[in-house]
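The values are calculated or read from the model by the stated rules, or taken from the named source; none is laboratory data. Computed from a prediction, not measured in an experiment: that's the story for all the values here. Here the Cβ is made from the backbone with ideal geometry for all residues, glycine too, and neighbour counts use every protein chain on show. Protein only, heavy atoms only, side chains kept; ligands, DNA and RNA dropped before computing areas. Shrake-Rupley method; radii C 1.70, N 1.55, O 1.52, S 1.80 Å.
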Amino acid sequence: MKPRINIYLDDHTAAQLAMAASRPGGNKSRIVNEAIDRFLNPEKYDSNRALVRRLDRMSAAMDRIDRNQSIGIETLALFIRYFLTITPPLSEEDQATAHALGRERFEVIAAQVGRRLASEQNLLSEVLQTIAETRPDLFAVDPDRPPEPKTETPPVEPDDDDDLPPLRPVVLEDDDADFNGPFSDEEFEDDPDV
């Protein structure tokens, strides 16, 4: 049996309650009971709060994605600048050998990326963790302060599960070759892989 409670309402609130109860299916006790329940348990009825919590989680995830993308873009830009600054031009005789070596190196890298994606390892996180463990002072250094003398760091041991051959360096000996750029137009026309 439900308990009976006598309450006093303002005139305008009592008029609105009477109007709502006069509609088909209306009942003053049910309307008041539901109003009090909504007041005392807002999470039960407020779907907006759950939506706001989900949106907050999505916003945090998007911030992480944006940060990781910024790191990736900056890393790629630094690598491209480094590659373009130190790579000497190739003579036409050396380009075929360089292309073969480039294809071989690309296959090794593609296999490593595939293996990492399959195992869900993140190279950038591993590198940052290794740096944090071996050189914790690196993240705490003020960029405006002059650098301190460097100390010897132990070499990083390669992963035992890497069954891929190491990358071979490109050795160029012809410095005075006639060169018009890193790639010639004829090279692209003859190469079906490009």
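Summary table below
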{"quantity": "At R0 = 22 Å, FRET efficiency that the Cβ-Cβ distance of Ala77 and Ala98 yields, to 0.05", "calculated": "0.40"}
{"quantity": "Peptides ranked, highest mean first, by Cβ atoms within 10 Å: ranges 92-100, 60-68", "calculated": "92-100, 60-68"}
{"quantity": "Solvent exposure, largest accessible area first (probe 1.4 Å, DNA, RNA and ligands not counted), of Phe39, Phe79", "calculated": "Phe39, Phe79"}
{"quantity": "P(r) of the range 1-149 over all Cα-Cα pairs, binned every 5 Å from zero, in whole percent", "calculated": "1, 6, 6, 9, 11, 8, 7, 7, 6, 4, 4, 4, 5, 7, 5, 4, 3, 2, 1, 0, 0"}
{"quantity": "Pairs of alpha carbons in the range 49-123 whose separation is greater than 13 Å (percent)", "calculated": "80"}
{"quantity": "As computed over the range 11-80, the Cα convex hull volume per residue (Å³)", "calculated": "134"}
{"quantity": "Neighbour net charge for Ala60 - beta-carbon separation under 12 angstrom, K R +1, D E -1", "calculated": "+2"}
{"quantity": "Solvent-accessible area, 1.4 Å probe, carbon plus sulfur percent, for the range 17-112", "calculated": "60"}
{"quantity": "FRET efficiency, 1/(1 + (r/R0)^6) with R0 30 Å, evaluated for Glu120 and Asp63 via beta carbons", "calculated": "0.90"}
{"quantity": "Karplus 3J(HN,Hα) series, Hz, for the range 9-25 with 6.51 cos²θ - 1.76 cosθ + 1.60 (x for Gly, Pro)", "calculated": "10, 5, 4, 5, 5, 5, 5, 5, 5, 5, 5, 5, 6, 6, 6, x, x"}
{"quantity": "Dipole of the range 59-102 [Lys/Arg +1, Asp/Glu -1 at C-beta], most positive-end residue of Ala60, Tyr82, Gly102", "calculated": "Ala60"}
